[in-house]
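The values are calculated or read from the model by the stated rules, or taken from the named source; none is laboratory data. Small disclaimer: the values here were computed from a predicted structure and weren't measured. Cβ: placed from backbone, ideal geometry, glycine included. Neighbour counts: every protein chain shown.
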């Protein structure tokens with residue numbers, strides 16, 4: 001039954017993606033052009049990276065509202081180091097480690113004190129956002145360089161395929177293997193399915209629960225690097241509402257909000273649904289005000305479908 005449920009979620013999300021693509025290709029002749037497809041891939045890469053980390057958290061039965069703020073803070077720290085002349089590789093590694101530590105703070109409070117993930121991550125969302133404003137003094141950090149791996153991450157391409165899309169695919173393959181083929185991945189599924197049974201089975205429940213927030217923070221930092229590179233600046237308001245898009249992508253992809261059920265490929269499909277929806281509405285010149293309504297309705301529909309399953 002569980003395998004059947006997985007297949008229904010997977011094929012349902014894929015059918016929704018294909019149906020949405022077919023509809024938009026009819027409504028807008030520009031939708032299926034190569035340049036627009038590459039543009040969609042570029043847009044999806046950011047939400048996709050954040051959603052990969054969010055998948056780990058939701059599979060464990062948690063939620064992470066702080067990813068957008070971690071993205072902004074890590075991007076600001078990275079930009080500051082680059083502007084100060086630090087080598088790009090070293091600056092990127094430091095920023096990614098810091099992002100994982102920021103995420104781990106969520107996990108420590110949740111796992112150690114048995115606090116609600118929603119409340120803890122909302123508190124750290126505010127703390128990290130405020131820290132970003134303090135660090136940047138409310139001003140963007142610009143002038144970050146014209147070449148190197150940092151620039152390629154957000155603005156480079158190979159034969160027209162953006163580096164950010166290649167990075168997303170590589171991360172997807174690695175994390176899908178991690179979840180499906182390793183003890184760590186099976187532990188996350190077990191905790192999300194029944195944490196008490198997992199504890200009685202001798203699994204390291206507290207450690208695993210804390211670690212998924214570190215994973216989420218790491219991928220938020222990775223998305224922050226790509227966004228900072230793409231804009232050639234670090235913006236204090238970067239990453240706002242990214243947590244909502246990421247949660248929507250995960251749930252649309254078939255991962256249950258109650259935890260214990262889902263898969264990484266579904267998350268990618270969900271990210272493409274959100275990305276194509278945004279792109280299609282822009283092509284159809286739909287007002288941004290109405291776009292928010294449509295996106296909210298899609299998220300609500302995804303939650304209702306998850307509840308029904």
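Please list, ordered by residue number, the helices (runs of 4 or more DSSP H) wholly in segment 184-254 having 1 or more residues that are in contact with a helix residue (DSSP H, G or I) (Cβ under 8 Å, 6 or more places away or on another chain) and surrounded by 24 or more Cβ atoms within 10 Å (Cβ to Cβ). Walk me through how you get there before you give the answer.
On the way: elements: 195-200, 205-231, 242-252.
Counting at least 1 such residues, we get 205-231, 242-252.
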field: Every residue from segment 283-304 that is over 21 Å from the mean Cα position of the chain (by Cα) and either in contact (Cβ under 8 Å) with a residue 24 or more places away in the chain or not in a helix (DSSP H, G or I) (or both)
entry: 283, 284, 285, 286, 287
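What residue, of 162, 117, is surrounded by 18 or more Cβ atoms within 10 Å (Cβ to Cβ), under 26 Å from residue 92 (Cα atoms) and touching a residue at least 12 places away in the same chain (Cβ under 8 Å)?
Details: 117 fails: under 26 Å from residue 92 (Cα atoms).
Exactly one of 162, 117 is surrounded by 18 or more Cβ atoms within 10 Å (Cβ to Cβ), under 26 Å from residue 92 (Cα atoms) and touching a residue at least 12 places away in the same chain (Cβ under 8 Å), namely 162.
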message: Among the residues in segment 72-80, are any crowded, with 24+ Cβ neighbours inside 10 Å, part of a loop (DSSP other than H, G, I, E, B) and modelled with pLDDT of 95 or more?
response: no
query: Quick one: is residue 111 touching a helix residue (DSSP H, G or I) at 6+ places or on another chain (Cβ under 9 Å), farther than 18 Å from residue 238 by Cβ, free of Cβ contacts under 8 Å to residues at least 12 places away in the same chain and assigned to a helix (DSSP H, G or I)?
result: no
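Within segment 296-308, can you find the residues that are in contact with a helix residue (DSSP H, G or I) (Cβ under 7 Å, 6 or more places away or on another chain) and farther than 15 Å from residue 258 by Cα? It would help to see each step written out before you state the result.
Just the residues of segment 296-308 that are in contact with a helix residue (DSSP H, G or I) (Cβ under 7 Å, 6 or more places away or on another chain), to begin with: 298-299, 302-303, 306.
Passing the criteria: 298, 299.
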query: Any chance segment 33-55 includes a residue that's without any contact (Cβ under 8 Å) to a residue 60 or more places away in the chain and in contact with a helix residue (DSSP H, G or I) (Cβ under 7 Å, 6 or more places away or on another chain)?
result: no
